[in-house]
1. Local charge sum around A54 (other residues, Cβ-Cβ under 15 Å, Lys/Arg +1, Asp/Glu -1)?
2. Counting only DSSP beta bridges with both residues in the chain, what percent are antiparallel, rounded to the nearest 5?
3. Using a ≥ b ≥ c from the Cα gyration tensor of segment 213-329 (square roots of the eigenvalues), is it rounded, prolate or oblate, where a/c under 1.5 gives rounded and otherwise the larger of a/b and b/c decides, a/b for prolate?
4. Indicate the gyration tensor shape class of segment 159-292 (rounded, prolate or oblate), computed on the Cα atoms with a ≥ b ≥ c the square roots of the eigenvalues: a/c under 1.5 is rounded; otherwise a/b larger than b/c is prolate and the rest oblate.
5. Which of the three applies to segment 220-288, rounded, prolate or oblate, going by the alpha-carbon gyration tensor with a ≥ b ≥ c and a/c under 1.5 meaning rounded?
6. Arranged by the count of other C-beta atoms within 10 angstrom, fewest first, what order do Y278, Y314 take?
7. Dipole of the chain, Cα-centred, from +1 at each Lys and Arg C-beta and -1 at each Asp and Glu C-beta, to the nearest 20 debye?
8. Please arrange I145, I8 by counting, for each residue, the other beta carbons lying within 10 Å of its beta carbon, fewest first.
Amino acid sequence: MTEIGIGICGGGYMGKAHAVAMSAVGAVFNTTLRPRLEMVCASSAESAERYRCAYGFARGTADWRALVEDPRVEAIVIATPQETHREIAEAAFSLGKPVFCEKPLGASIDDSAAMMAAADAADVVNMVGFNYVRTPATQFARKLIAEGAIGDITWFRGEHTEDFYADPSAPATWRTTGMANGTMGDLAPHMVNAALALMGPIAKVIGEIETVHAERPGGRVTNDDHAQLMCRFENGAMGHMYFSRISTGRKMGYAYEITGTKGAIRFDQEDQNALWLYRMEGPEATRGFVKVLTGPAHPDYEAFCQGPGHGTGYQDQIIIEARDFLRAIEAGNAQWPTFRDGHEVNRVIAAALASDAAKSWQDVNSF
């Protein structure tokens with residue numbers, strides 16, 4: 001086993017999740033590389049020290065440059081606001097250090113294009129944090145589709161719906177300012193990534209984007225509340241996606257339905273340890289969707305629990321990401337999803353935004 005010094009930029013919600021994951025990944029997956037929590041960066045020296053003590057880092061700093069440039073920091077996790085991603089990643093790549101960046105990749109398609117180019121030029125390991133696609137159930141869905149278990153895919157429906165802004169009286173915050181913090185910047189990338197992972201590239205889209213509650217206590221809303229898009233995948237399948245932060249009653253509505261010529265799949269993240277599978281076989285009278293409970297027979301489950309149906313959770317997805325990042329560093333080869341994959345998500349988002357403005361279909365390859 002070899003130690004590797006980890007620096008995490010950002011100590012908040014996702015910074016904590018990645019710190020916990022790096023602390024646990026060695027024991028869970030018996031990784032060859034064993035993370036050492038070397039340094040955490042926060043917006044002030046006081047908060048950096050608080051995170052250092054809480055998470056077990058050796059040191060804290062309020063200067064991300066000090067973290068990136070420190071020789072004992074050998075790999076970097078970016079868990080800061082989107083507008084900071086590009087500068088941190090480019091600095092790390094210039095020093096040849098591997099980077100894991102939370103989604104979305106940068107605050108714009110220009111940012112993600114530049115970050116992808118920097119990663120390619122440096123030839124350094126890079127990953128983007130799309131954690132939901134790593135549940136054992138969704139990994140199993142990808143396997144079933146790749147094996148042809150439900151035949152040729154004809155249709156996809158996906159959503160990422162939550163209700164944290166369903167109440168019109170909820171006050172304006174940073175989340176209601178700037179498109180990067182709106183629904184298309186915050187929630188949509190997760191389901192677009194899932195669509196790409198499950199279905200393959202998207203050829204064209206037509207989208208509608210809307211701000212439902214334009215005024216909130218404390219200020220005007222400058223980004224979107226919900227959006228929908230129709231798409232055509234390169235494999236010919238039709239698709240539809242919906243994203244919302246005002247879907248009353250939905251807490252983690254990361255859900256999809258996939259129809260094939262021999263069967264179908266359904267999944268809902270609010271019941272993340274179950275996959276619904278329909279196979280068009282046997283007598284019609286006994287056909288129906290079967291609820292498949294995840295267990296040790298499914299990808300990456302057994303490392304957490306040996307009991308079928310006991311389930312994995314949100315933090316476990318982050319631990320799986322940490323495992324993949326460490327494996328990529330050890331092998332010297334980037335693992336999916338790379339910065340190039342993150343940029344592909346941003347291209348679809350950019351095409352949808354352009355479609356809403358032009359009121360017409362847009363080719364993703366144009367972005």
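1. So the environment of A54 carries a net charge of +2.
2. Given both bridge residues lie in the chain, the antiparallel proportion sits at roughly 60 percent.
3. Details: a/c = 1.92, a/b = 1.26, b/c = 1.52.
Oblate.
4. Prolate, since a/c reaches 1.5 and a/b exceeds b/c.
5. It is oblate, given that a/c is not under 1.5 and a/b is not larger than b/c.
6. Lowest count first: Y314, Y278.
7. Result for the chain is approximately 500 debye, rounded to the nearest 20.
8. On the way: I145 19, I8 30.
Least crowded to most crowded, the residues run I145, I8.
Each reported figure results from applying straightforward, stated rules to the coordinates on display, with no laboratory input. Keep in mind that this is a model prediction, so the values were computed, not measured. Heads up, the Cβs are rebuilt from the backbone with ideal geometry, glycines too, and the neighbour counts pull from every protein chain shown.
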